[in-house]
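Visitor: What follows is a single structure, and I will ask about it in a moment.
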Amino acid sequence: MSNNATKVPTSAPAAAAPVKKVNLSMKQYGMVLALIAVYVIFAVMTGGKNLTPINVNNLIMQNGYVIILAVGMLLCVLTGNVDLGVGSVVATCGAVAGTLIVDFGMSTPIAMIASLAVGLIFGVFVGFFVSKLAIPPFIVTLATMLMGRGICYVVLASQTKGPLPADYTWISTGFLPTIRVGGVDMISVIIGIVVSVFIVLSELRSIATAKKHGLPIAPTWQLIVKDAIIIGIVMFFFYKLGAYNGVPVLLILLAVVVGIYHFLTTQTVAGRQIYAMGGNAKAARLSGINTEKVFFWVYANMGLLCGLAGIVLSARNASATPKAGDGFEMDAIASCYIGGAATSGGIGTIIGAVVGALIMGVLNNGMSLAGFDTNVQKIVKGAVLLGAVTVDLLSKRKKG
Amino acid sequence: MSEYILEMNHITKEFSGVKALDDVNLKVRPGEIMAICGENGAGKSTLMNVLSGVYPYGEYTGDIVYRGEVCKFHSIRDSEAKGIVIIHQELALSPFLSIAENVFLGNERKKNGVIDWTATRREAQTLLDRVGLEGENVNTPVNALGVGKQQLIEIAKALGKKADLLILDEPTAALNDRESAQLLELMLQLKAQGMTCIIISHKLNEISYVADSITIIRDGHTIETLQKGVDDFSEERIIKGMVGRELTNRYPKREDCPIGDVIFELKDWNVFHPDDAHREILKNINIQVRAGEVVGLAGLMGAGRTELAMSLFGHSYGQKISGSLKINGKEVNLNSVRKAIDNKLAYVSEDRKTYGLVLIDSIKFNMTLAALHSFFSNKGVVDQQKEAVKAEEYRHLINVKTNTVEQPVGSLSGGNQQKVVLAKWMLTEPDVLILDEPTRGIDVGAKYEIYCVINDLAKAGKAVIVISSEMPEIIGTCDRTYVLNEGEIAGELSGDEITQEAIMGCIMAHNRKGDA
């Protein structure tokens, strides 16, 4: 009660100050810094092996599916739940696509549509149980985890289906055309520059909006440092890609998926409804939000993204295997929590989940390059998840 | 041994540089009931948390002298060992455990480290007798009891800890009048047995009735202590101490505003219990409200007022709902909350934290939540520009005390939270507003502001329905009131006819009719 006053960070007089300055919260960017730190640590440990163009390229290709799943999982986490069936559904979707191509001679587009459809069917199935029948998602998705794995084995008759044709694997292994100048692809560099310019422009726009409404702005030097770091990462990344084979097709796919869901969660009514429901379902319902419908679509959507991840994974392996996707649900869930999402729901961002997925990816990749035993890798990943969430929660508690 | 059982001397407690308590002194005589009054945020609960060891020794400065001995409590256990027991506003009962288990929760009757169930049940029964719950079976799970009885279980639990100084923080906030009266009688009874009590309450009539002395706290300072029989104990006198000025009128004057046509008309409304299709909760309710009118729904707790509002608002309560509802002369079927909002009905729930707000999100987020679909979006994309402008406008309009609309509502005081909920529903541009306990648990100043908003809404030609358990509130704000009792309209009063006696009279007459 009486300590209310202490919770207000700035107590500048309401109307007097034209522009309020508020420091950037380190918490918001802490995970990006952690990502850089992890990458640098492994650069030192591996003697720069993780800095090579081919390895930067591999980071994208190896982690594409985790990013797609983390995006879908974030919506589930926002409702205060998770989807445990993800790994099995991914495998089943890939299995269906692989079987259609290898055994039935279907074309690539049909196989891909079939994969997405199978994913969506799983999603609708889960959505029906969790929303209409109000069965806890933990139970329903535990069931799809078991059922999906079984179906996958049945579809593949416990065998690996392959090889998949080049037009199918293109999505995960292909590159955009290149224009090389001195061994570096200029298209990559140009895309890097375009992204950097876009970052600067959107920063300027948000400053203008904040000024217009008298909202607080961070000090200029902080904004410059922040944007310089982000642009530095972007240019480093695209330069390395240019020095290898150019921009992977998968990167474009990821950019589109992340872009769509970032927009959905931050700019649309639907996104708002997910946050409101996760924050307080009863209040959301009495505010006219059809929480059943929101719940249904969140899980249906997760299924659809599993279908997409199924394509990406089987394309990367050029085959569909019954063991594919094992443990993917845990990678996706961990990404969301490392990226700052709350287990209680209502808190978390798409960008956070993507950064979380990248931290996991850089860790995996770095540890492999440094020659860590796979069992040790699991120990480290577990510790990182626990550490990230502990730091997050403790920092919140101090403020309260 | 001195004249006082408890002396708190020069207590100062800071929260990161802000003094919540500043040189507070409190003296309690043995066997008296001491009331602590103050507005929300004055420091009442902080003081009690210092006393009970929630804020351990060292986090505050000053002395606590209990029974002539300087005490340094490091936790609640320390203070309980001395016989000081605090009962918080939020009940600390475990819903699925039995009465007996709850009474001895954290204080288990043990024999060689194993729970002695015979002793637990026997002693629980004795304690139930002492708090007037002789009829209850100690094996009943507490969630089967009403909130009034649960409050009594809390007291039994305190007695089980051999309390001789009992602190009650807003004990009657969630109770109806009958239950409150029962609780107050129990306090007097315990006092007769030698118990010392400290009570914190916003209900000043109860305090005047039960307290022997009243200490008033304002902005972290002790202002004065009033003694029964020596000082004036009237509500006006207490409020003057609390707010530091004479508050001549607790209800803003209803300016004459033109009363228009009937825009809300409910006919033969029947609702059955959601879990029991044979239990009729509301019977043949007929209500009419005109534009520009403020109409009350008075009644005891459990009369069915909230159930009525919820059943109207998107059929959010009950089943087998029948009857007709006309808004602006048009028959509407509001079987979803969205339809209710679209048909210009708004419902401000009695429990803002559970049903009104998303506490982790910002003021802006909450204000625009209900109107997002209709007024703040274009083809499903949120118009953030308009949102920011409107939220800012309403922050000023209804005076939410904060620097920015980006602040999470969870960090606001109760009064400011309630204003955010009101703004949220005003932004849906309703014609009919149902306000359920609009001033529950908020301080006198914020109440006044809320009443002003109600008047402004009426002046703007809205039909306003106010549900309240505080009869003075109905009397002070409403042009007309319906009295609800046991799911039926027991009477209708208007203008000067609305008095506490008349409202109670309607309820009594209706009860007699039911018995006959």
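The values are calculated or read from the model by the stated rules, or taken from the named source; none is laboratory data. Keep in mind the model is a prediction, meaning the values are calculated, not measured. With ideal geometry, Cβ positions are generated from the backbone for all residues, glycine too; neighbour counts draw on all protein chains shown.
Visitor: Among the residues of segment A:136-185, which ones are among the polar types (S, T, N, Q), closer than 21 Å to A:VAL89 by Cα and in a helix (DSSP H, G or I)?
Guide: Applying the first criterion (among the polar types (S, T, N, Q)) to segment A:136-185 yields A:141, A:144, A:158-160, A:169, A:172-173, A:178.
Adding the requirement that they be closer than 21 Å to A:VAL89 by Cα leaves A:141, A:144, A:158-160, A:169, A:172.
Passing the criteria: A:THR141, A:THR144, A:THR169, A:SER172.
Visitor: Could I ask something else about it? Step by step: first the residues of segment A:249-275, then only those that are within 9 Å of chain B (Cβ to nearest Cβ) and either more than 23 Å from A:GLY356 (Cα to Cα) or among the polar types (S, T, N, Q) (or both), then the one that is nearest to the chain's Cα centre (by Cα). Which residue is that?
Guide: Let us first name the residues in segment A:249-275 that are within 9 Å of chain B (Cβ to nearest Cβ), namely A:263, A:266-273, A:275.
Those still in the list that are either more than 23 Å from A:GLY356 (Cα to Cα) or among the polar types (S, T, N, Q) (or both) too: A:266-270, A:273.
Values: A:THR266: 15, A:GLN267: 18, A:THR268: 19, A:VAL269: 21, A:ALA270: 19, A:GLN273: 20 Å.
By that ranking, first place goes to A:THR266.
Visitor: Specify the residue that is nearest to B:ILE489 (Cα to Cα); the eligible residues are those in segment B:308-342 that are in contact with a Ser or Thr (Cβ under 6 Å, 6 or more places away or on another chain) and part of a helix (DSSP H, G or I).
Guide: Looking at residues that are in contact with a Ser or Thr (Cβ under 6 Å, 6 or more places away or on another chain) and part of a helix (DSSP H, G or I), I get B:MET310.
Visitor: Another question about this same structure. Considering only residues that are part of a loop (DSSP other than H, G, I, E, B) and either modelled with pLDDT of 85 or more or acidic (Asp, Glu) (or both), which ones fall in segment A:1-48? Step through it out loud before you land on a result.
Guide: From segment A:1-48, those part of a loop (DSSP other than H, G, I, E, B) are A:1-3, A:8-20, A:22-25, A:46-48; that's our starting set.
Of everything in segment A:1-48, those that are part of a loop (DSSP other than H, G, I, E, B) and either modelled with pLDDT of 85 or more or acidic (Asp, Glu) (or both) turn out to be A:THR46, A:GLY47, A:GLY48.
Visitor: Which residue, of B:VAL54, B:VAL28, is closer than 23 Å to B:THR196 by Cα and either modelled with pLDDT under 90 or within 14 Å of chain A (Cβ to nearest Cβ) (or both)?
Guide: Details: B:VAL28 fails: either modelled with pLDDT under 90 or within 14 Å of chain A (Cβ to nearest Cβ) (or both).
When all the criteria are applied, what remains is B:VAL54.
Visitor: Test A:SER344 against the criterion of being in the same structural domain as A:VAL82 (by TED's automatic domain parsing) and free of Cβ contacts under 8 Å to residues at least 12 places away in the same chain, and give yes or no. Walk me through how you get there before you give the answer.
Guide: Numbers: in the same structural domain as A:VAL82 (by TED's automatic domain parsing): yes; free of Cβ contacts under 8 Å to residues at least 12 places away in the same chain: no.
So A:SER344 does not fit the description; no.
Visitor: Since B:HIS373 meets every condition but one in (1) facing another protein chain (nearest Cβ under 9 Å); (2) in contact (Cβ under 8 Å) with a residue 12 or more places away in the chain; (3) closer than 26 Å to A:LYS396 by Cβ, which condition does it not meet?
Guide: The failed condition is (3).
Visitor: Output the number of residues of segment A:276-296 satisfying the condition of being at the interface with another protein chain (Cβ under 8 Å from one of its Cβ atoms) and either among the hydroxyl-bearing types (Ser, Thr, Tyr) or part of a helix (DSSP H, G or I) (or both).
Guide: Result for segment A:276-296: 7.
Visitor: Okay, next question. So, of the residues in segment B:450-475 that are surrounded by fewer than 20 Cβ atoms within 10 Å (Cβ to Cβ) and more than 16 Å from the chain's Cα centre (by Cα), which turns out to be nearest to B:PHE313 (Cα to Cα)?
Guide: B:GLY461
Visitor: Further question on the same structure: Looking only at residues in segment B:339-358 that are at the interface with chain A (Cβ under 7 Å from one of its Cβ atoms) and of a type in the set (A, V, I, L, M, F, W, C), which one is surrounded by the most Cβ atoms within 10 Å (Cβ to Cβ)?
Guide: Across segment B:339-358, the extreme among qualifying residues is B:LEU357.
Visitor: For segment B:396-436, give me the residue count where each residue is over 23 Å from B:LYS44 (Cα atoms) and either part of a loop (DSSP other than H, G, I, E, B) or within 10 Å of chain A (Cβ to nearest Cβ) (or both).
Guide: Here is the first cut: in segment B:396-436, the ones over 23 Å from B:LYS44 (Cα atoms) are B:396-399, B:403-408, B:420-436.
Of the ones still in play, those that are also either part of a loop (DSSP other than H, G, I, E, B) or within 10 Å of chain A (Cβ to nearest Cβ) (or both) are B:396, B:398-399, B:403-408, B:421, B:424-425, B:427-431.
Qualifying residue count for the region: 17.
Visitor: With a cut-off of at least 1 residues that are at pLDDT 90 or above, in the same structural domain as B:ILE214 (by TED's automatic domain parsing) and within 30 Å of B:ARG305 (Cβ to Cβ), name the helices (runs of 4 or more DSSP H) lying wholly within segment B:92-200. Let's see the steps before the verdict.
Guide: Details: elements: B:99-103, B:117-130, B:147-160, B:177-192.
So the answer is B:99-103, B:147-160, B:177-192.
Visitor: Inspect segment B:60-73 for any residue being in contact (Cβ under 8 Å) with a residue 12 or more places away in the chain, within 14 Å of chain A (Cβ to nearest Cβ), more than 30 Å from B:ARG121 (Cβ to Cβ) and of a type outside the set (A, V, I, L, M, F, W, C) and give the result as yes or no.
Guide: yes
Visitor: If I filter segment B:234-252 for residues that are in a strand (DSSP E or B) and either at pLDDT 90 or above or in contact with a helix residue (DSSP H, G or I) (Cβ under 9 Å, 6 or more places away or on another chain) (or both), do I get at least one hit? Explain how you work it out, then say what you get.
Guide: Residues of segment B:234-252 that are in a strand (DSSP E or B), as a first pass: none.
For segment B:234-252, residues in a strand (DSSP E or B) and either at pLDDT 90 or above or in contact with a helix residue (DSSP H, G or I) (Cβ under 9 Å, 6 or more places away or on another chain) (or both): absent.
Visitor: Of the residues that sit in segment B:97-122 and are surrounded by fewer than 18 Cβ atoms within 10 Å (Cβ to Cβ) and touching a residue at least 24 places away in the same chain (Cβ under 8 Å), which one is farthest from B:LEU175 (Cα to Cα)?
Guide: Within segment B:97-122, the first condition is being surrounded by fewer than 18 Cβ atoms within 10 Å (Cβ to Cβ), and the residues that meet it are B:97, B:105-108, B:110-119, B:122.
Then keep just the ones that are touching a residue at least 24 places away in the same chain (Cβ under 8 Å); that gives B:97, B:105, B:107.
Values: B:LEU97: 22, B:LEU105: 23, B:ASN107: 27 Å.
It comes out as B:ASN107.
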